[in-house]
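The values are calculated or read from the model by the stated rules, or taken from the named source; none is laboratory data. Remember, predicted model here, so these are calculated numbers, not experimental data. Cβ atoms come from the backbone with ideal geometry, glycine included; neighbour counts cover every protein chain shown.
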């Protein structure tokens, strides 16, 4: 999975999380995994996150984050998307 994350320029921990895997899990030949599109950045929230901390982490203004993520609840393990510019 490390190589897939590198090849697609995706954060390894996010790739594992969106596929329901732990970062140390193995994947096997012919196993299907979800890989975000090239123009999307994904961020997985933690319990400590705030809208401000996510905004800073993704270098995106709060209004755009809320428009792109209308169901944002700031719970742990929620996936936030940002479109690459």
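Just give me the residues in segment 2-21 being exposed (fewer than 10 other Cβ atoms within 10 Å of the Cβ) and under 26 Å from residue 71 (Cα atoms), in sequence order.
Scanning segment 2-21 gives a single hit, 20.
Go through (1) surrounded by 10 or more Cβ atoms within 10 Å (Cβ to Cβ); (2) modelled with pLDDT under 90; (3) over 14 Å from the mean Cα position of the chain (by Cα) for residue 69 and report which single condition fails.
(3)
In segment 54-71, is there at least one residue being in contact (Cβ under 8 Å) with a residue 24 or more places away in the chain and part of a loop (DSSP other than H, G, I, E, B)? Spell out how you get there, then give the answer.
So the first thing to find is which residues in segment 54-71 are in contact (Cβ under 8 Å) with a residue 24 or more places away in the chain, and the list is 54, 58.
Subset that is part of a loop (DSSP other than H, G, I, E, B): none.
No, segment 54-71 contains no residue that is in contact (Cβ under 8 Å) with a residue 24 or more places away in the chain and part of a loop (DSSP other than H, G, I, E, B).
Just checking, how many residues over segment 23-47 are in contact with a strand residue (DSSP E or B) (Cβ under 8 Å, 6 or more places away or on another chain), within 13 Å of residue 10 (Cβ to Cβ) and part of a loop (DSSP other than H, G, I, E, B)?
Count: 2.
Give 54, 41 a once-over and let me know the one that is in the same structural domain as residue 83 (by TED's automatic domain parsing), surrounded by 13 or more Cβ atoms within 10 Å (Cβ to Cβ) and at pLDDT below 90.
None of the other options fit; the residue is 41.
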